[in-house]
Amino acid sequence: MSLKSPRRAKDGLRFRVKFWGVRGSYPTVESNKLQVGGNTSCVEVEVDGRRLIFDAGTGIIPLGKELCNGSVSTLTTYVFLSHTHIDHVMGLCFFEPLLTPTSHSFILGPGASRGALARSLRQLTHSHLFPVSLDELKGKKEIISLAGDETIRFSGPGDRPAVKRGSAANGNGADELRVTTCKSSAHPLNGVMLYRVHFKNKSLVYATDIEQQEGGYPEIIEFARGADLLIHDAQYLHDEYASRTKPRKGWGHSTVNTAVAVAVKAQVKELVLFHHEPTHDDKIMKKIGREARRLFRSTVVAREGMEIDLL
Ligand SMILES: [Zn+2]
Ligand SMILES: [Zn+2]
């Protein structure tokens, strides 16, 4: 199989992250928010000649169109879901590769048993909600439930990823592309999956929809330890989180301050604030970025279209 990749580096050694959707909870289209962007969670990682996609919020829709907008006959994508809350899967049925017969998509995400993730996703296309069932969408697909504490490896392009229990040696230090998983219960009701992508001694951690305790959860700090890039939920300002009239405690999201505390403790090289509160406009987001950088210099606010090269 050949992989369509218009931006693939000649040497196949690219490790690039692109943000296609950075909002939490629901998409927003107001003009004062579009510098940061209005689509919900979707992050593309182009690595070792493969496309890894984290979450299928509305950001996956323009990504899918770009992937299919070429002449290559076969396309393989790997979609890793943090969980199946609607803001993380609402773009899935409009993801062009799932509508294209020559495409093959592997969809991986948390599931308590072998078929659990597929059963959850089928609810998206219940006949009262969508005119076509997930199984009827023309693109080839395989849905793989994950339990957490796994290592996922890739052989040839287009091959089924191999999932093995155990994520030992989670830190940097390996050349080969692999993804490790960590299931966290810090998100209501069924928890969330965190992912770490490793390649050529570099790594990034995708950790959205987690409500950190004060100072961060030790197991998440360990999972992120030493990463080159930490993409972390930072939905709320401290004042919103601790508000007297409408406290957000228990809603499953971190504050900017707790995201920074985790980055510092885990000694990551760079922090990306992610899953932005949809009511925060561009002015507020600029202020958040400035204040976070005062606490941790290497912090950026995720915005749609932003790309970061890790190699
Ligand atoms: Zn979310
Ligand atoms: Zn959620």
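Please enumerate the residues belonging to the stretch 54-79 that are closer than 19 Å to residue 137 by Cα, within 16 Å of ligand 1 (Cβ to nearest atom) and not in a helix (DSSP H, G or I). Residues satisfying the conditions are 55, 56, 57, 58, 79. One residue is enough: does the stretch 108-120 have a residue meeting the conditions at pLDDT below 95, outside any loop (DSSP other than H, G, I, E, B) and open to solvent by less than 60 Å² (accessible area, probe 1.4 Å)? There is no residue in the stretch 108-120 that is at pLDDT below 95, outside any loop (DSSP other than H, G, I, E, B) and open to solvent by less than 60 Å² (accessible area, probe 1.4 Å). Give me the residue from the stretch 47-95 that is among the acidic types (Asp, Glu) and at negative phi and, out of that set, farthest from ligand 2 (Cβ to nearest atom). Restricting to residues being among the acidic types (Asp, Glu) and at negative phi, the top hit is 66. For the stretch 171-200, a tally of residues being among the hydrophobic types (A, V, I, L, M, F, W, C) and without any contact (Cβ under 8 Å) to a residue 40 or more places away in the chain returns 2.
Take residue 128 and tell me if it is of a type outside the set (D, E, K, R) and either within 16 Å of ligand 1 (Cβ to nearest atom) or surrounded by 13 or more Cβ atoms within 10 Å (Cβ to Cβ) (or both). No: the conditions fail for residue 128. You will find that of 207, 224, the residue that is within 25 Å of residue 145 (Cα to Cα), more than 14 Å from ligand 2 (Cβ to nearest atom) and either of a type in the set (Phe, Trp, Tyr) or under 16 Å from the mean Cα position of the chain (by Cα) (or both) is 224 and no other.
Inside the stretch 224-240, residues that are at pLDDT 95 or above and open to solvent by 10 Å² or more (accessible area, probe 1.4 Å) make up a count of 3.
Number of residues in the stretch 21-37 that are more than 14 Å from ligand 1 (Cβ to nearest atom) and open to solvent by less than 50 Å² (accessible area, probe 1.4 Å) equals 3. Is one or more of the residues making up the stretch 224-235 within 16 Å of ligand 1 (Cβ to nearest atom) and touching an Asp or Glu at 6+ places or on another chain (Cβ under 7 Å)? Yes, there is a match, as at least one residue in the stretch 224-235 is within 16 Å of ligand 1 (Cβ to nearest atom) and touching an Asp or Glu at 6+ places or on another chain (Cβ under 7 Å). Residue 272 fulfils the conditions (1) β-branched (Val, Ile, Thr); (2) touching a helix residue (DSSP H, G or I) at 6+ places or on another chain (Cβ under 8 Å); (3) open to solvent by less than 10 Å² (accessible area, probe 1.4 Å) except for a single criterion, (2).
The values are calculated or read from the model by the stated rules, or taken from the named source; none is laboratory data. Quick caveat: nothing in here was measured; it's all calculated off a predicted structure. Every residue, glycine among them, receives a Cβ derived from its backbone with ideal geometry; neighbour counts consider all protein chains shown. These area figures cover heavy atoms from the full protein model, side chains too; ligands, DNA and RNA do not enter into them. Shrake-Rupley method; radii C 1.70, N 1.55, O 1.52, S 1.80 Å.
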